[in-house]
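Shown next, in structure tokens, is the structure this report addresses.
The values are calculated or read from the model by the stated rules, or taken from the named source; none is laboratory data. The shown structure was predicted, so the numbers you read here are calculated from the model rather than taken from an experiment. In this analysis, Cβ positions are derived from the backbone assuming ideal geometry, glycine residues included, and neighbour counts consider all displayed protein chains. We work out accessible area using only protein heavy atoms, side chains counted, and drop any ligands, DNA or RNA first. Shrake-Rupley method; radii C 1.70, N 1.55, O 1.52, S 1.80 Å.
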Amino acid sequence: MAWGLWGRARGGPVGALTLSALAEGIQANQGQTSGRSSAGPQPERALEPEVEPRSASAIPPAGREPCPSPSGQGPAPEGPHQEPQSSWEEGALADLALYTAACLEEAGVAGTQATALMLSSALEARGEHLEDNVYALVRGLLAQVPSLAQGRPRQAALRVLSALALEHAREVVCALLPSSLPPDRAAAELWRSLSRNQRVNGQVLVQLLWALRNEAGPELEALAATRALGEMLAVSGCVGATRGFYPHLLLVLVTQLHRLARRVRSPDTPKVQAPWHRGPPHSHASCAVEALKALLTGDGGRMVVTCMEQAGGWRRLVGAHTHLEGVLLLASAMVAHADHHLRGLFGNVLPQLRSPDDTQRLTAMAFFTGLLQSRPTAGLLREESILERLCAWQGDREPTVRWLGLLGLGHLALNRGKVRHVSRVLPALLGALGEGDARLVDAALGALRRLLLRPRAPVRLLSAELGPRLPPLLDDARDSVRASAVGLLGTLVRRGRGGLRVGLRGPLRKLVLRSLVPLLLRLQDPSRDAAESSEWTLARCDQALRWGLLEDMVTVAHYDSPEALSRICHCLVQQYPSHVPSFLSQTQGYLRSPQDPLRWAAAVLLGFLVHHTCPGCVSQDLLDSLSQDLGQLQSDPEPAVVAAAHVSAQQVALLTHAQARPRSLRLLLRAGLWPQPCPRRPPPAFADSPFQSRSFIGRWGCVGPG
């Protein structure tokens, strides 16, 4: 392109270059062109500035046309020596555009306004001819805008940028992105000005979206696009321009957060500081989170943002190991408060479930899993198709994929009419109970609990299947697994309480009796979740089996109350005498627990169980084994455990002495022919617990005097 006389003057000072000088130069260039083609028509007068200049030096002289307007030009006559009129127009308009950016700094208020307004009007009319010069012009504006005064001069200059973006959105975005990383205040202002213009903000957002999702592009370009989106979406009203690609933009932003979370600990991560922000520097992830918040808030999803803040979802989204948990929380919040976008989001998620990129695939899987909580959304696909996909995830080598599949099965179980084929789901859930990853076990236990909450749940089938699998999980070393397993048992008892009340001796009754001792001891569990879950499950057992010990169980859960614990042990021994050896053997196993509260609780429970046991109900071998283990606790490092073991050992010795009576007397006692079937033995007297506050007899809920 011919630069004309402006190319030769490029290195000159720009302070004296006013609108008049620009007009004179263009007129001279026009005269040279007209001399070569005398038959060519004269261009019409250019558009007048929309503001009245304040300086005479900024007003074009009479008869001078600063920028020819293409609207009034007719076709040029053909001739052998004529140059195309459009070539001259492009050259003059490009020269005017480039030098306008240079003279905006020192042309004065009037010259700045007139020049910028005239240029923006010309660009709006013929902006499509400036592809090769848009980058240079935007960079010039970027350099000059910070020095312009606030108000109309700066607004006029920003209008130039909007006029360029109207026809050349991609070129404008490419020119501004390099200044967005590290953050630049001038670039942020230009992004916000583009966001306020309803004619161009949609086009610019689309270009930023493509830059963000371009997997083959440079990583820094995606980071810059993330920051630019944050600036634009923060402007009120800009989110309306995302109509049509809102779900796609939301999914891309969350996927970008996943990429940023994976590279948080990378040594190559650039440390970018924004000096104009108060407080600590903003990271790339925080910028993406703010963009996501603005996107949700601008579309009426303020409750989604609030729910995420209350649940710690934003913190999880930026975590390297908790990002998918944050995605699940976001999906749940959208199901509850932004269901108008679920169909579009679900449609954008499905193609990415088979993406070769791990961040895209896992993020899509997490969204897919979370959106299954919505019945209308889950109804978009056939049940067989969803089950086939989720069950296929269970064969994946990646534990995270199996975890998401188990969560999906749990969400699907809540929807009535779904998961009718329990036989297909149950093997996957039961198999996950043996996983080494706590997330998978928790997800499987949660899915089984949701199956029990469905109408006509297969309680007897689940009781039989969980009989050999659930008791070991009650003593699992992982706190979350223990709490989930105890909660599942409570739900199972609640759904099967009808059969327990009428005395059915099925698998559920066996499971409950096998779990009573762990539940009582887990009331002293150091994990608060496990202790509260044990209390809730024991309350369900008391309700189903009609013990009438709810007050005593709550007291034992919160206070050191030997009287309440004694009443519980007396009830168990009297109602289930054949299970007393099993109760004692289970309690004996906890004497070797590495946790001090559990060893102390086991020693105390063992003392009361032995005290209420009648002679002849327990073998001498078991008593000898109990005496030996209690004797080993005499060297325990915890003094309270030593004292409790000493008292319980005395109870074992008393029961051993009672069983040493003649065999004929024991037969009379068992037959009920002796007036005193169980000779009274002195009750155990335990010292106060160092792990709980003492309660008064008959004053449930009181923690002590005063």
Give just the number: which of (1) among the hydroxyl-bearing types (S, T, Y); (2) under 23 Å from H657 (Cα atoms); (3) open to solvent by 20 Å² or more (accessible area, probe 1.4 Å) does Y559 not satisfy?
-> (2)
Answer with yes or no whether G370 is of a type in the set (G, A, S), farther than 15 Å from Q256 by Cα and open to solvent by 10 Å² or more (accessible area, probe 1.4 Å).
-> no
Read through the list (1) among the polar types (S, T, N, Q); (2) open to solvent by 50 Å² or more (accessible area, probe 1.4 Å); (3) under 27 Å from W191 (Cβ atoms), then give the number of the only condition that Q310 fails.
-> (3)
If P518 satisfies every condition in (1) within 30 Å of T400 (Cβ to Cβ); (2) crowded, with 17+ Cβ neighbours inside 10 Å; (3) touching a residue at least 40 places away in the same chain (Cβ under 8 Å) but one, which is the exception?
-> (1)
Name the pairs: first residue in the stretch 152-176 and within 16 Å of A228 (Cα to Cα) and at pLDDT 85 or above, second residue open to solvent by less than 10 Å² (accessible area, probe 1.4 Å) and not aliphatic (A, V, I, L, M), Cβ to Cβ under 8 Å, at least 6 apart or on different chains?
-> L176/W191
For the subset of the stretch 619-639 comprising residues that are over 15 Å from A649 (Cβ atoms) and outside any helix (DSSP H, G or I), which member is least open to solvent (accessible area, probe 1.4 Å)?
-> E638
Residue by residue through the stretch 562-597, note down the ones that are outside any helix (DSSP H, G or I), open to solvent by 20 Å² or more (accessible area, probe 1.4 Å) and in contact (Cβ under 8 Å) with a residue 12 or more places away in the chain.
-> Q595
Quick one: which of W600, W547 is assigned to a loop (DSSP other than H, G, I, E, B) and open to solvent by less than 40 Å² (accessible area, probe 1.4 Å)?
-> W547
P468, sole failed condition from (1) open to solvent by 60 Å² or more (accessible area, probe 1.4 Å); (2) under 29 Å from N415 (Cα atoms); (3) part of a helix (DSSP H, G or I); (4) not β-branched (V, I, T) | (3)
Determine whether P684 is in a loop (DSSP other than H, G, I, E, B) and at pLDDT 90 or above.
-> yes
